[in-house]
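Undergrad: Got a structure for you, questions after.
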Amino acid sequence: MNALIQMFYQLTENQEYFGLLIFIFLAVSMSMLGAYLLIFQGDLLKRRLIRFLPGNPRRHSSGKSPMVEPDQPGIMGKLGIPMCRAILPEKEEDRRADRLRLIRAGFRSKAAYHNYLLIRFLGALLPPLMFLGFSVFNRFSTVDLAWMAGLALGGFFLPAGILKIITLQRQLDMTRALPDALDLMVVCSESGLGLDMTFKRVGEEIRSLSKALSDEFGLTLREIRAGKSRTDSFRNLSHRTGVQELNNLMTILIQASRFGTSMAKALKVHADAMRVKRRQIAEEKAAKVSVKLVFPLVLFIFPALMIVIGGPAFIQIFRLLLPNLAGS
C-alpha cells in the first residue's frame, strides 16, 4: 500500500516528465501504425479489389493463379523504392551507366539497381547519424562535423568501390578462361558444329573453369534463339562484359559471319594470336619481378642483414671504444 502511495506521489509531482514520456510513446506508436498502413494496407485493398475485376479467374475461385498474382516486392523493396525514386539520377545516361556497371559485375535484375541506390543512400546517411548519436553526450565541434562529412562521403562512395572490385575480379576471371574457351571453340568448329551449338557446348564445358563466362555464352545463345541477330547478340556480349579480349573475339566472329569466311580458320588464327599474347604477358610479368623486388629488399631484408652482420661490431665498439674516449 505504501508503495502505491509513493508511486502516486511521484506521478503527481512529475506530471510534466511522465506526460512527455506518454506523448513520445503515443507519437512513436502512431508513426509505426501509419508506416504499416502505408506499406501494407494499400496492397491489401488492391488485392481485394482485383477479385471483382471482369475476366479475373480468381473472381469465382479461391485458388491462386500465378498469371494474375501481382508481383509483390518484399519489405525492403517497399521501403527502398520511394528512397530510390528520391535519389534516382535525372539523366538517362547516368542511369544506363549505373545499370551497365551492375551488369558487368554480374547483377542483372531490376531490383539490383534499386538495392544499389538504397545501399548508397543508407551508407551516406547512417554512419553520420550513428557518429552523431555517439557524440551527442560530448561537446559538438567542427572536428565532429568534418568526421560526419567524411563518413557520409565514405559511405556513399564505398559501394561504388566495392562494385568496381567485383567487376574487375569478374573480368579477370573471364580473361583467364577465354584462351581455353577459344581452343574449345576451334575444336568444335573443326569437328563440324555450327556456331550456335559451339557456344552451347563451350558454355557447358567451361562452366567449371569460369561460371561468369559460361553464363555470358548461355545468355548470348538465348538471345540468338529468341530472334535477335547474331551481330547484335555478339555486340551485346562485348558491351555487357567490358573485356577487351572478348571484344576482339566478337569482332572476328562478326566479320567472319558478314564476309562468309571460314569460321574455324578465323578462330584458329585468333587462338594462336591469343596464345602468343598470353606468353608475352607472362614474360612481361616475369621481367618486372626483379624491379618489384627492389623495394622489399631495401625496406625489409637489407636492414635485417645490416643488424645481423654489423650488430656484434657495433656492440664491441660501444663497450670498448666509448669508455676509452670518455676517460681521455
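Undergrad: Among the residues of the range 104-126, which ones are in a helix (DSSP H, G or I) and open to solvent by 40 Å² or more (accessible area, probe 1.4 Å)? Outline the logic, then answer.
TA: First, pick out the residues of the range 104-126 that are in a helix (DSSP H, G or I): 104, 110-126.
Correct list: Arg104, Lys110, Ala111, His114, Asn115, Ile119, Phe121, Leu122, Leu125, Leu126.
Undergrad: Oh, and also: Looking at Met197, Met174, which is the one that is of a type outside the set (Phe, Trp, Tyr), surrounded by fewer than 17 Cβ atoms within 10 Å (Cβ to Cβ) and assigned to a helix (DSSP H, G or I)?
TA: Details: Met174 fails: surrounded by fewer than 17 Cβ atoms within 10 Å (Cβ to Cβ).
Only one candidate qualifies: Met197.
Undergrad: Condition (residue is assigned to a helix (DSSP H, G or I), in contact with a Leu (Cβ under 7 Å, 6 or more places away or on another chain) and either of a type in the set (D, E, K, R) or touching a residue at least 12 places away in the same chain (Cβ under 8 Å) (or both)) applied to the range 218-226: is it met by at least one residue?
TA: Here is the first cut: in the range 218-226, the ones assigned to a helix (DSSP H, G or I) are 218-225.
Next cut, in contact with a Leu (Cβ under 7 Å, 6 or more places away or on another chain) only: 220.
Applying the additional criterion that residues be either of a type in the set (D, E, K, R) or touching a residue at least 12 places away in the same chain (Cβ under 8 Å) (or both) yields 220.
Yes - at least one qualifying residue is present in the range 218-226.
Undergrad: Is at least one residue of the range 202-216 of a type in the set (A, V, I, L, M, F, W, C), at pLDDT 85 or above and touching a Cys at 6+ places or on another chain (Cβ under 7 Å)? Reasoning before the result, please.
TA: So the first thing to find is which residues in the range 202-216 are of a type in the set (A, V, I, L, M, F, W, C), and the list is 202, 206, 209, 212-213.
In the following step, the residues that additionally are at pLDDT 85 or above were identified as 202, 206, 209, 212-213.
Of the ones still in play, those that are also touching a Cys at 6+ places or on another chain (Cβ under 7 Å) are 202.
There is at least one residue in the range 202-216 that is of a type in the set (A, V, I, L, M, F, W, C), at pLDDT 85 or above and touching a Cys at 6+ places or on another chain (Cβ under 7 Å).
Undergrad: Here's another thing I want to ask about it. Taking the criterion of being on the phi < 0 side of the Ramachandran plot, assigned to a loop (DSSP other than H, G, I, E, B) and buried (at least 16 other Cβ atoms within 10 Å of the Cβ), would at least one residue in the range 252-260 satisfy it? Can you show your working first?
TA: At the first step, the residues of the range 252-260 found to be on the phi < 0 side of the Ramachandran plot are 252-259.
Now drop any that are not assigned to a loop (DSSP other than H, G, I, E, B), which leaves none.
No: zero hits.
Undergrad: Which numbered condition trips up Arg235, out of (1) in a helix (DSSP H, G or I); (2) modelled with pLDDT under 85?
TA: (2)
Undergrad: Please work out which residue is nearest to Phe107 (Cα to Cα), limiting yourself to the range 163-191 and to residues that are small (Gly, Ala, Ser) and touching a residue at least 12 places away in the same chain (Cβ under 8 Å). Give the derivation first.
TA: The first filter runs over the range 163-191 and keeps only residues small (Gly, Ala, Ser), leaving 177, 181, 189, 191.
Adding the requirement that they be touching a residue at least 12 places away in the same chain (Cβ under 8 Å) leaves 177, 181, 189.
Working: Ala177: 20, Ala181: 23, Ser189: 31 Å.
Within the range 163-191, the match that is nearest to Phe107 (Cα to Cα) is Ala177.
Undergrad: Are any residues in the range 86-113 in contact (Cβ under 8 Å) with a residue 12 or more places away in the chain and hydroxyl-bearing (Ser, Thr, Tyr), and if so, which ones?
TA: Tyr113
Undergrad: Right, another one. Could you tell me which numbered condition Ala97 fails, if it satisfies all but one of (1) assigned to a loop (DSSP other than H, G, I, E, B); (2) surrounded by fewer than 13 Cβ atoms within 10 Å (Cβ to Cβ)?
TA: Only one criterion is unmet by Ala97, namely (1).
Yes/no per residue for (1) in contact (Cβ under 8 Å) with a residue 40 or more places away in the chain; (2) open to solvent by less than 70 Å² (accessible area, probe 1.4 Å):
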position	(1), (2)
Arg240	yes, yes
Ala266	no, yes
Asp272	no, no
Pro296	no, yes
Ile301	no, no
Ala313	no, yes
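The values are calculated or read from the model by the stated rules, or taken from the named source; none is laboratory data. These numbers were taken from a predicted model, which means no experiment stands behind them. Counting neighbours? That spans all protein chains shown, and the Cβs are built from the backbone with ideal geometry, glycine included. These accessible areas exclude ligands, DNA and RNA; they are computed on the full protein's heavy atoms, side chains included. Shrake-Rupley method; radii C 1.70, N 1.55, O 1.52, S 1.80 Å.
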